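Enquirer: The structure under discussion is supplied below as structure tokens; questions concerning it will follow.
The values are calculated or read from the model by the stated rules, or taken from the named source; none is laboratory data. Since this is a predicted model, take the numbers as computed values, not measurements. Neighbour counts are summed over all protein chains in view; Cβ atoms, including those assigned to glycine, are modelled from backbone coordinates with ideal geometry. The area values use the complete protein model at the heavy-atom level, side chains included, leaving out ligands, DNA and RNA. Shrake-Rupley method; radii C 1.70, N 1.55, O 1.52, S 1.80 Å.
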Amino acid sequence: MSMSTATPTNVFESLGITPVINARGNNTMLGGSTPSARVRRAMQDVERYYVDMQQLLERSGQVLAGLLNAEAAYVTPGAAAALALGAAACITGADAEKIARVPDTTGMANAILIQAGHHYHYQRAVTVPGGRLVEVGDPNGTSAAQLKGALGQNVAAVLFPAHLDGKAGTLSLAEVISIAHESGVPVLVDAAGRVYPLDKFRNYARDGADLVAFGAKYLGALNASGILCGRKDLVDAAVQHGFIGFETTARGKSFGRPLKLDRQTIVAVVTALQEWLETDHDARLAGYERRLKAMAAELDGAPGVTIDLVNGEGSAPRVLRLTFDPARGRHDASAVVKSLWSGVPAIAVDRAGDAAIIINPVTLREEDDGVVASRLGELIL
């Protein structure tokens, strides 16, 4: 008599993959986001017919630009792709010969300036089309005079990571825009997750940024989707570098053919942005606070653990921070993170330095709050 084989109950199980409860946020390595019912319906609707992709990109760009107070916009397969395409546009402009040469930018103005205090994880994206990152400043910071002195003929753009705006020793975005524009140099802003508060999110371009890159996963679109918006001449040049430009006006002579998009992805970005701008964000944040306070109450009294509700901006406007004193508690932060990840389902939380962990409710299903609190309680109470 042969033994029967259990039938897998879901796709992850059939692939031998551990499912993850995501209390870390819109993290690329965890899948990015879960589209809403409205976004999923829009994706299903567009599957009924095929479409002229050039027309879809043009029209969707017009709608996105209007919503983001920009002259033009273009859907990309993520914020890093937007940075690569934006950097390429700054290097070549609309020059067809230069577009065809990328990523060989020899002899072109290909330097992309970055402040000494602004080095960050994703800066290499602008080197994909042949940009050369050039640091401005020193360990003590970057001054206005140093930036002015670096704006020579070989400079294509200044890269500005928006999440570092206001960092000590660095020039603000407003200062960088003013200084760069005096020399006619565009500013490329990486605002990947800076989608809240809305007045900042919608006004980067209006306030002078020449190109802005957003990650659409933070709006509830797909993991591999983003938006490049800003000056029309630069966005139009970026389009020539992209996959649609490769197939049309660039006629096979641009670098961005691998940056292809599905029609479903494009529609998802537009729908997600529309939904995001219509959302009652006060109610959204109040919901996060209620849930996090309930979790904190369940964990109250854990020895050596300080629990704080932290307010912020961008993709993590409300989080719960647990700070560990390993001399008094049962475990340190590292051990807690590893233990949560080793369970089934795994639980992903973020780190805040060596001594703290962060619980981000943005990607945490409410029905899983109790699971996270229970598993944490087993470890720290």
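Enquirer: Within the range 164-180, which residues are out of contact with any strand residue (DSSP E or B) (no Cβ under 8 Å at 6 or more places or on another chain) and either within 24 Å of Asp233 (Cα to Cα) or of a type outside the set (Gly, Ala, Ser) (or both)?
Expert: Passing the criteria: Leu164, Asp165, Lys167, Ala174, Glu175, Ser178, Ile179.
Enquirer: If you don't mind, another one. Could you please let me know if Leu64 is among the hydrophobic types (A, V, I, L, M, F, W, C) and over 15 Å from Ser225 (Cβ atoms)?
Expert: Here the answer is no, as Leu64 does not meet what is asked.
Enquirer: Is at least one residue of the range 292-305 more than 15 Å from Gln54 (Cβ to Cβ), without any contact (Cβ under 8 Å) to a residue 60 or more places away in the chain and among the charged types (D, E, K, R)?
Expert: Scanning the range 292-305, I find at least one residue that is more than 15 Å from Gln54 (Cβ to Cβ), without any contact (Cβ under 8 Å) to a residue 60 or more places away in the chain and among the charged types (D, E, K, R), so the answer is yes.
Enquirer: Is it the case that the range 284-295 has a residue that's surrounded by fewer than 19 Cβ atoms within 10 Å (Cβ to Cβ) and either at pLDDT below 95 or not in a helix (DSSP H, G or I) (or both)?
Expert: no
Enquirer: Since Gly166 meets every condition but one in (1) open to solvent by 30 Å² or more (accessible area, probe 1.4 Å); (2) outside any helix (DSSP H, G or I); (3) in contact with a helix residue (DSSP H, G or I) (Cβ under 8 Å, 6 or more places away or on another chain); (4) farther than 26 Å from Met108 by Cβ, which condition does it not meet?
Expert: Exception for Gly166: condition (3).
Enquirer: Another question, then. Name the one entry in Leu228, Leu222 that is in contact with a helix residue (DSSP H, G or I) (Cβ under 6 Å, 6 or more places away or on another chain) and open to solvent by 30 Å² or more (accessible area, probe 1.4 Å).
Expert: Going through Leu228, Leu222 in turn, just one is in contact with a helix residue (DSSP H, G or I) (Cβ under 6 Å, 6 or more places away or on another chain) and open to solvent by 30 Å² or more (accessible area, probe 1.4 Å): Leu222.
Enquirer: Then there is this: With Ala88, Ala144 as the choices, which residue is buried (at least 19 other Cβ atoms within 10 Å of the Cβ) and not polar (S, T, N, Q)?
Expert: Ala88
Enquirer: Now for a separate question. If you go through the range 302-315, how many residues are open to solvent by less than 70 Å² (accessible area, probe 1.4 Å) and at pLDDT 95 or above? I'd like the intermediate steps shown before the answer.
Expert: Of all residues in the range 302-315, those open to solvent by less than 70 Å² (accessible area, probe 1.4 Å) come to 302-305, 307-310, 312, 314-315.
This time we only want the ones that are at pLDDT 95 or above, so: 302-305, 307-310.
Count: 8.
Enquirer: Mind checking which residues of the range 320-339 are surrounded by fewer than 20 Cβ atoms within 10 Å (Cβ to Cβ) and within 27 Å of the chain's Cα centre (by Cα)?
Expert: Hits for the range 320-339 are Arg321, Thr323, Ser334, Val337, Lys338.
Enquirer: Return the residue satisfying two criteria in turn: it lies in the range 342-369 and is in a strand (DSSP E or B) and either closer than 13 Å to Leu320 by Cα or β-branched (Val, Ile, Thr) (or both), and of such residues it is most open to solvent (accessible area, probe 1.4 Å).
Expert: Residue satisfying both the conditions and the ranking: Arg351.
Enquirer: Next question. Are there any pairs with C-beta distances below 6 angstrom linking a residue in the range 190-203 that is under 19 Å from Glu275 (Cβ atoms) to a residue that is assigned to a helix (DSSP H, G or I) and not small (Gly, Ala, Ser), with the two at least 6 apart or on different chains, and if so which?
Expert: Pairs that qualify, where the first residue is under 19 Å from Glu275 (Cβ atoms) and the partner is assigned to a helix (DSSP H, G or I) and not small (Gly, Ala, Ser), are Gly193/Tyr218; Val195/Phe201; Val195/Tyr218; Val195/Leu219.
Enquirer: Give Asp104, Asp52, Asp95 a once-over and let me know the one that is of a type in the set (Asp, Glu), open to solvent by 50 Å² or more (accessible area, probe 1.4 Å), over 21 Å from the mean Cα position of the chain (by Cα) and within 24 Å of Leu222 (Cβ to Cβ).
Expert: Asp52
Enquirer: Limited to the range 189-202, what total is found for residues that are open to solvent by less than 20 Å² (accessible area, probe 1.4 Å) and of a type outside the set (A, V, I, L, M)?
Expert: Of all residues in the range 189-202, those open to solvent by less than 20 Å² (accessible area, probe 1.4 Å) come to 189-191, 193, 195, 201.
Pick out the ones that are also of a type outside the set (A, V, I, L, M) and you get 190, 193, 201.
Final tally of qualifying residues: 3.
Enquirer: Could you check the range 314-334 and list, in sequence order, the residues that are closer than 30 Å to Lys217 by Cβ and out of contact with any His (no Cβ under 9 Å at 6 or more places or on another chain)?
Expert: Correct list: Ser315, Ala316, Arg318, Val319, Leu320, Arg321, Leu322, Thr323, Ala333, Ser334.
Enquirer: Which numbered condition trips up Ile266, out of (1) under 30 Å from Gln44 (Cα atoms); (2) exposed (fewer than 15 other Cβ atoms within 10 Å of the Cβ)?
Expert: Only one criterion is unmet by Ile266, namely (2).
Enquirer: Go through the range 60-69 residue by residue and tally those that are in contact (Cβ under 8 Å) with a residue 12 or more places away in the chain and open to solvent by 20 Å² or more (accessible area, probe 1.4 Å).
Expert: Qualifying residue count for the region: 3.
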